[in-house]
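To start, the structure itself, in structure tokens.
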Amino acid sequence: MRLVVAHKPLKRILRCTQCVLFACALSLLAYCGFVLLEARNFERVERLKLETLMQDQVALSDLPPVQLSIANGDLIGSLEISRLGLSAIVDEGTATATLRHAVGHIAGTALPGRSGNIGIAGHRDTYFRPLRNVQKDDIITLTTATGEYHYRVVFTKIVGPNDVAVLDPTGSEILTLVTCYPFYFVGPAPDRFIVRAERVT
């Protein structure tokens, strides 16, 4: 069924509205394309950097380890869950700029390879979206310049945004992934989805 508009001024308004909406749609598509290309380029550069750090670490393996200071935005490594197809760069900190391109190591939590609770946060609508399908016993691989570390998922749970006890220090090597919940919530999500995993050797 075709809508026929008899009045010329109304036709002109509808035509202008159509043009404006079409231009907005094109602009949004162009922006999405730019964000995706920027993210892919960032990940490619960071992975090359990680490979270089790993090669340097091998070359210096006979020397005693040096304690390095880590600043916000510094490369920590990469995180993967093969079964979910999840792969992301891990940078230090949880600033907006960091979480735009990567997942972030939560400041004050342990670092990979050391005993304690490693906290890593990411957005539910980007890199951590696959966590909605995570299951017990899934293997999480954390690769850094000092080695590859594997963790087995032991449980998931939903907590309030102020429940920081999930990041409390521990005596064993564990990994805690944090993202917002529900995954498909429109706007700022009210809760946090927690994945707890233990180191396996």
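Taking 7 Å along the Cα-to-C-beta vector as the label spot, tell me the GLU148-THR96 distance in nanometres, rounded to one decimal.
Roughly 3.7 nm, to one decimal.
Apply the Karplus parameterisation 6.51 cos²θ - 1.76 cosθ + 1.60, with θ equal to phi minus 60°, to every residue of segment 17-23 and state each ³J(HN,Hα) to the nearest whole Hz, in sequence, with x for glycine and proline.
After applying 6.51 cos²θ - 1.76 cosθ + 1.60, I find 4, 4, 5, 5, 5, 5, 5 Hz.
Using the Karplus equation 6.51 cos²θ - 1.76 cosθ + 1.60 (θ = phi - 60°), what ³J(HN,Hα) coupling, rounded to whole Hz, does each residue of segment 180-193 give in order, writing x for Gly and Pro?
6, 8, x, 5, 9, 5, 8, x, x, 6, x, 10, 10, 9
List, in order, the whole-Hz ³J(HN,Hα) value for each residue of segment 132-140 obtained from phi through the Karplus relation with A = 6.51, B = -1.76, C = 1.60 and θ = phi - 60°; use x for Gly and Pro.
So the J values, rounded to whole Hz, are 4, 10, 5, 10, 4, 6, 4, 9, 10.
On full extension of the chain, what length is gained from ASP163 through ASP74, given 0.36 nm per residue of separation minus the C-alpha to C-alpha distance?
Working: separation 89, 0.36 × 89 = 32.04 nm, distance 2.66 nm.
Difference between extended and current length: 29.4 nm.
Label-point separation (nm) for ALA25 and PHE183, each offset 7 Å from Cα along Cα-to-Cβ?
Using points 7 Å along Cα→Cβ, the separation is 2.9 nm.
Give, as a single signed number, the net charge of other residues whose beta carbon lies under 12 Å from the beta carbon of ARG132, with Lys and Arg counted +1 and Asp and Glu -1. Let's see the in-between values first.
Values: positive: ARG124, ARG129; negative: ASP125.
Combined, the nearby Lys, Arg, Asp and Glu give +1.
Rounded to the nearest 0.05, what FRET efficiency do ASP191 and SER115 have when you use their Cβ-Cβ distance and R0 = 30 Å?
The calculated FRET efficiency here is 0.55.
Give the long-range amide H neighbours of ILE118: residues separated by 5 or more places, or on another chain, with amide H under 5 Å away, using H modelled in the peptide plane at 1.01 Å from N.
ALA110, ILE174, LEU175, THR176
Over segment 75-200, what relative contact order in percent results from Cα pairs under 8 Å that are six or more residues apart?
Numbers: 300 pairs, mean separation 30.8, N = 126.
Relative contact order comes out at 24 percent.
Could you pull out every residue, at least 5 positions away or on a different chain, whose amide H is within less than 5 Å of the one on ASP191? Hs are placed 1.01 Å off N in the peptide plane, and Pro or chain starts have none.
TYR181
Quick one: which residues, 5+ away or cross-chain, put their amide H under 5 Å from the amide H of TYR149? H built at 1.01 Å from N.
Close amide H contacts, sequence-distant or interchain: LEU142, THR143, THR144.
Bear in mind these aren't lab numbers, they're just calculated from the coordinates by the rules spelled out. It should be emphasised that the depicted structure is a prediction, and the values quoted were computed from it without experimental measurement. A quick note on method: Cβ atoms are made from the backbone with ideal geometry, for glycine too, and the neighbour counts reach across all protein chains shown.
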